[in-house]
Amino acid sequence: MPTQTTGRTLLSLVLGLLFASMAAMGSCPGDFHVLLGQLQKQAHAMQDPSSLLDPYMRIQGLDFPQLREHCTERPGAFPSEGALRGLGRRGFLRTLDATLGLVLRRLAAVQQQLPEAGRLGRPPAARPRAQDLEMLKMARLNILGLRNNIFCMSRLLGSSWDVAEPTQAAPGTSPPPTPDPGAFQRKLEGCRFLRGYHRVLSSAGQVFGEWGKSPSQGHRHRPPRALPEDASRARPSRRGRRLVPRGQLPR
Amino acid sequence: MALFAVFQTTFLLTLLSLRTHQSEVLAEHLPLTPEALKVSVNSAQQCLHLQWTVHNLPYNQEFKMIFQIQISRTETSNVIWMGNYSTTMKRNETVHWSWESELPLECAAHFVRIRSVVDDARFPEWNFWSSWSSWQEVNVQDSTGQDTLFVFPKDKLVEEGSNITICYISGNIQNDISCYLEGEQIHGEQLDPHVSTFKLENVPFIRKGGTNIYCEEKQRKAISNGTVLFVSKVLEEPKDFSCETRDFKTLICTWDPGANTALDWSKQPSQSYTLFESYSGKKKHCEEKNRCNWQITQDSQEIYNFTLITENYLRKRSVNLLFNLTHRVHPMSPFSVQFENISATSAVMTWKVHSLGDYFTLLCQVELHGEGKMIQHNVSVKANGKYLLNELEPNTEYVAQVHCADDNHFWKWSEWSGRDFTTPEAAPSEAPDVWRTMKSGSHNVTLFWKPLSKFHANGKILFYNVAVENLDKPSRLEHRSIPAPANSTELTLDGCSYQIRVTASNSAGASPAAVIVVSAAPGNKEIEEEIIEGTEDGFSMSWKPQSGDVMGYVVEWCDRPQDPLCDFQWKKLGPNTTSTVISSDAFRPGVQYNFRIYELSTKRIAHLLERKTGYTRELAPSDNPHVVTNNLTSHSFTLSWKNYSTKSQPAFIRGYHVYLKSKEEQCQPGAEKAVLPDDTVCCQYKIDNPEQKTFTVENLKPESFYEFLVTPHTSFSEGPSGTFTKVRTPDEYPYMLVHVIVPVVICVVLLVCGCLLKSQWMKDKCYPDIPDPYKSSVLSLIKSKENPHRTIMSISDCIPDAIEVVNKQEGSKIQSLGTRKSLTEPELTKLSYLYLLPTEKNYSGPGPCICFENYTYNQAASDCASCGHAPVSPEAPPSQWGLLTSSENLLKALEKNYMNSLGEIPAGETTLNYVSQLASPMSGDKDSLSTNALVPPPCSEYKMQMAVPLCLASPPPTENSDLSSITLLGPSEHYR
């Protein structure tokens, strides 16, 4: 188990650094299929709960059978696979990007709540926690890399990131503010949220897979259009995006 | 007296009655009951904060009062706590008091009431309890979620080891509810139908994220709710708190902070550290968790009293440190370390230190590391340090380092500062250790020397000088220079005595000389080798001195005696030493080492004293000899292993064991039964002489299988149990045959030789020559009496057409085709006659065949078959011809047919009859042939021969007369 975890960590590190560096360099793969292949691989790697949910549950002490059973995706928190399939490509990309942006903020909030051992020294019992915290960092890098590729794919599909396009809105409206439900409920909610996150990435992987099977789609974008230099350097804009998941994030 | 007692009692009772009455009056007129009781709740702290006042206090002065407080849970009658609170108060002053509940206040309603009493000696008349205030209810239950389960306390922060009570409120939920702490179910007690409490004792720290406690409805299998108990580690007191200065500008205070008590979800940050100095009253919040810098002001404060305070949300701890600044000086490390005047044995080390002021003296410690040793020196320094390092070794690398501390009040050494240096070379201080080997029978001397130790070499040895001086006759010194690292040289000397001097030289000079004398007469006598026992530690040996005039002894040996170079070694010993232990890392078990002990005379001449040999540990022989079997007889064989070398074995060979396996159950004399490792039983012959390498196994049985194995044995073991070799003893009959047949053959040969020598005699006796009729005297008599012109017809002049053999009875006449009389008629009457029979007309066989028969001798019919025609009886059908090709068939045919035909001939007239193939008749004679009963079958001519007993037969023809002895008769004539 530690060996698997280390292997996954290394894979995540490589992927994360690869795509993060690509993002940092502002370069996008110009080939649709290359980019699509990368997106599929990323979605496939990140759908694995061991990349984010499992370390989160270990950190929060939720890795018990009773709690694991109840750590299920909250219905409606994330768009279903059917809903994602029903979206246009650009809409799908935007929805996915918005979802990932939400997860990033959630992760940042969680990480803020988790003090590291710091300079006080790290007792032996804290080492597994340190590994899990490291995995959370890697997950964040992976999400950044995936978002960068989503941005690139969006550019390749000829959509302007700034142009607002309808995304799959979650049913219902945001719930009214409620009193602090307590740390336990926040932990559990985070667990459910991450379960939904992995499910969404799994669905996204399926959708990306269908993109690859459709011959017309591949030909339609060939030869790839050269990306405008400024566009390729631009970071994904937050404008024109609507957050898809409706669940409130524990902070 | 009794009256007095009654009076006193009455007085006291009256007084008590009056006092009681007064109090009742005060209580009635001064109601001191606490009023305006307010109760507030701090859920996180699980505290009830009470505040009240007493309005009716007289006078505007402070009263010492006691308030009695009652707290009930669930209902007023269920008082769970009652206690007194003493305080002083004035009229209308508000009193505050808090009470911490062990049960979360959300779990149940609480009720509070208070009463008071004045506890002031100044007002004893008010010293009575007031009435209770009315009950104040405290209810913090959330009534919004009647269908929701709540677990309290919510996210409570507690310290590790605390006891805590939690509860759940199930509201309207009717299902069974189970609660778990970190996955393990916990059991509590029911407070009321909707509230259960759980007491957790000595809660442990599990993780920074808190300990999860959650409850689930069993029926729905759904997590209803839960809470997180944030258990903080106990804040530790800082350890090893210490402050020091290195430059009198800053005080550096350090400590060991212990465990971090930070918790997730911002429930508790890491503990903070604050430094407070009491003399100056200054305080500083420390940014780091284990150190803090304090700026020293210029007001020359010498004494510091620091308090280090650490705190978190649950606890506060502090440690104190009082010190004199000048006693906490930790000097900075020295700098500019240099070496001056470096010689082969000394050097001067200098360094500088950071000044701490004119009044400070530093104690510096110089450490010198070199050659695996360390030397320390202490030096007192003001500003610049200097130290002479002496007794150094030449050509040696040293590392010198220095650190300093306050000499007046030692606190801490500074860090080390150092450098390395190397001393120059000096001339070698010791003569090399020299020894020699001499080849016997020659004047070749190989000189060996050991490299000087680094301690004595004093540098890198560049070459060795060898000076050879003839001691017997004055001659020039012979010098030889051998570059290092050679350790030997070979000298060819004549028969004189020589003194050899060897020195080692480096760049600084030469060493003292090692002197050795090679004597003209080595005087090596035959000395018997003594066997010694070695151990893993080496060989212990001793010797007997031969003369008192001894300079010392030398033991020489080879570390690797099996190698051609042998790694020659020697050990020199003093004159008073007569024993030593020779040890070497190169010694190996199973290797035989030979030692020679020499005695060195005062003239430095060596004489061989003793020879030793041994093993550090004898090993079992690794192989058995290769055995050859010789002299194999039916009763013995000889085993030979002459190529087996006893010298190259891993132990001293003490002899051999010969194992013999056979079917015989008993061993031969000289052998004894032995059980082999494979549990087979065999006979064992023991040979105790290692040089006896043949062995004859005797008393064996002929035509028997034997198996043998020859293995060497040492004093403690024998060779490997190898494969037995099979031997089969031969049969003894061939020998008997040889003994019988050879004499017989010899006898036969002798007999034959004798016969050959007496052949003429034998011939004369057994088969005398047949007289030639032509040379007969009878013939000459006839010739002379009858026709003198009569001649004998040549065989080539007649053509025989038939031949008939007639067995003529004595006195009878043989009928024939012809009527001619034989020339020797009287004799012929006793003989058988040969008839030449005519061939068939249509005969178409092969060419004519004429067989000439010597009628004198018996001749097998088969011999005649060589003529190419199968002989058949005249009566034999033609179909039989082809079958009668072999002599055997022929004989059978003859027996069958002709014996029958011969049966017609009276037995007394002939002994044997033979058929002989005759020559083919001439073609021209065919017509003249007549048929009769004796006509032979076509294509063959046969003759019938009759074997005549030797005594009756005519004399055999001579070689010259073979042809002539057969008479070929004409058609009308009979010839013999």
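Each reported figure results from applying straightforward, stated rules to the coordinates on display, with no laboratory input. What you are looking at is a predicted structure, and each value in this text was computed from that prediction instead of being measured. Cβ atoms come from the backbone with ideal geometry, glycine included; neighbour counts cover every protein chain shown.
With Rh defined as the Kirkwood radius, the inverse of the mean 1/r over Cα pairs, the Rg/Rh of the stretch B:284-435 is 1.21. Shown in residue order for the stretch B:702-717 are the 3J(HN,Hα) couplings computed by the Karplus curve 6.51 cos²θ - 1.76 cosθ + 1.60 at θ = phi - 60°: x, 6, 10, 8, 10, 10, 9, 8, 10, 9, x, 9, 10, 5, 10, 7 Hz (x for Gly and Pro).
Computed over the alpha-carbon pairs of the stretch B:477-578, the distance histogram in 5 Å steps reads 2, 7, 12, 19, 20, 17, 12, 7, 2, 0 percent, short to long. Couplings 3J(HN,Hα) for the stretch B:288-293, derived from phi with the Karplus relation 6.51 cos²θ - 1.76 cosθ + 1.60 (θ = phi - 60°), are 9, 8, 10, 7, 8, 9 Hz, where x marks Gly and Pro. Per residue of peptide B:250-258, the mean number of Cβ atoms on other chains within 10 Å of the residue Cβ is 1. Using the number of other C-beta atoms within 10 angstrom as an exposure proxy, rank A:138, B:438 with the fewest first. Arranged by neighbour count, lowest to highest, A:138, B:438 become B:438, A:138.
Quick check on the exposure proxy: order A:56, B:85, B:464 from fewest to most C-beta atoms within 10 angstrom.
Working: A:56 25, B:85 16, B:464 28.
Arranged by neighbour count, lowest to highest, A:56, B:85, B:464 become B:85, A:56, B:464.
With the cut-off at 20 Å, report for the stretch B:400-530 the share of all Cα pairs above it, as a whole percent. Here the tail beyond 20 Å accounts for 59 percent of pairs.
Taken along its principal axes, the alpha carbon cloud of the stretch B:302-374 reaches lengths of 68, 35, 16 Å, longest axis first. Cα extents for the stretch B:222-321 along the principal axes, largest to smallest and rounded to whole angstrom: 71, 22, 18.
Working out 0.36 nm times the residue gap between residue B:365 and residue B:137, then minus their Cα-Cα distance, what length gain in nm do you get to one decimal? If you can, show how the numbers build up before the last one.
Values: separation 228, 0.36 × 228 = 82.08 nm, distance 7.74 nm.
Gain in length upon complete extension: 74.3 nm.
Relative to its Kirkwood radius, the Cα radius of gyration of the stretch B:553-611 gives an Rg/Rh of 1.00.
Phi angles of the stretch B:396-404 translate, via the Karplus equation with coefficients 6.51, -1.76, 1.60 and θ = phi - 60°, into HN-Hα couplings of 10, 8, 10, 10, 10, 9, 9, 9, 9 Hz per residue; Gly and Pro are given as x.
Ordering B:194, A:198 from the fewest to the most neighbouring beta carbons within 10 Å gives B:194, A:198.
From the gyration tensor of the Cα coordinates in the stretch B:25-105, what semi-axes in whole Å does the equivalent ellipsoid have, largest first, with each one equal to sqrt(5λ)?
27, 15, 10
With the highest mean first, a sort of the peptides B:479-488, B:682-691, A:100-109 on other beta-carbon atoms found within 10 angstrom per residue produces A:100-109, B:682-691, B:479-488. Simple rule: put +1 on each Lys or Arg Cβ and -1 on each Asp or Glu Cβ in the stretch B:365-464, find the dipole, and look at B:452, B:463, B:369; the Cα lying farthest toward the positive end is B:463. Rg over Rh for the stretch B:596-698 works out to 1.20, using Cα positions for both radii and the Kirkwood form for Rh. More than 15 Å apart: what percent of Cα pairs in the stretch B:385-447 qualify? I get 73 percent for the Cα pairs in the stretch B:385-447 exceeding 15 Å.
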